[in-house]
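This report concerns only the one structure given below.
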Amino acid sequence: MDVMTLSFWFSSIFIGPLWMLMWFLPRHEITKKIVGDLRICILPLIVSYAILLIPNISEVLMALGTQMPTPEIVVNLFSTDDLIILAWLHFLAMDTFAGRYVWMRMIAADKPIQFSMPVLALCMFVGPIGLLLGILTTLDVEDDISNPTGTIE
């Protein structure tokens, strides 16, 4: 099995239990231990992404770093199997990270599972929409990301 296929299947299967824990056992200690720890829930996805990115880094940087991206440049960039899978791994990692953030906000807001589960499902399937709904439905929650303590001067 080649690296691309291995990265695809590893990441695609790896996220399943994370989402199941956030959906069905949001307040359970095992969920807090696994999903609550970035080293467990996100780092393996980043490593899988990096393994596929490293051999393609020059192509990605040249396409996106030397000129303003256009629709044509982006389509051309994602015209190879490796880079399509790389984009998929990016989606998985970022949607899982966003879902983890929404899960933490739902716990802090004490939202019931009947409420948190559909929002988290949207995080998995249509990440930005799920993230937006997760933030909007937990506006009463203060966190370090929403309210940074330091200022940039």
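Each value in this text was obtained by applying a stated rule to the coordinates, not by laboratory testing. A quick note: this is a predicted structure, and the numbers were derived from the prediction, not measured. Methodologically, a virtual Cβ is constructed for each residue, glycine included, from the backbone with ideal geometry; neighbour enumeration extends over all protein chains shown.
A Stokes-Einstein calculation at 25 °C with viscosity 0.890 mPa s, built on the Kirkwood radius of region 30-104 over Cα pairs, returns a diffusion coefficient of 178 µm²/s.
Sequence-distant contacts, meaning Cα pairs under 8 Å at least 6 residues apart, place the relative contact order of the chain at 26 percent. When the chain is treated as a Gaussian network with alpha carbon springs shorter than 10 Å, the biggest mean-square fluctuation among Leu64, Leu132, Leu120 belongs to Leu64. Highest mean packing first, where packing is the average number of other Cβ atoms within 10 Å per residue, the peptides 85-94, 36-45 line up as 85-94, 36-45. The largest-to-smallest principal axis extents of the Cα set in the chain are 46, 45, 25 Å.
Modelled label positions at Ala108 and Ile51, each set 7 Å beyond Cα in the direction of Cβ, lie 3.3 nm from each other.
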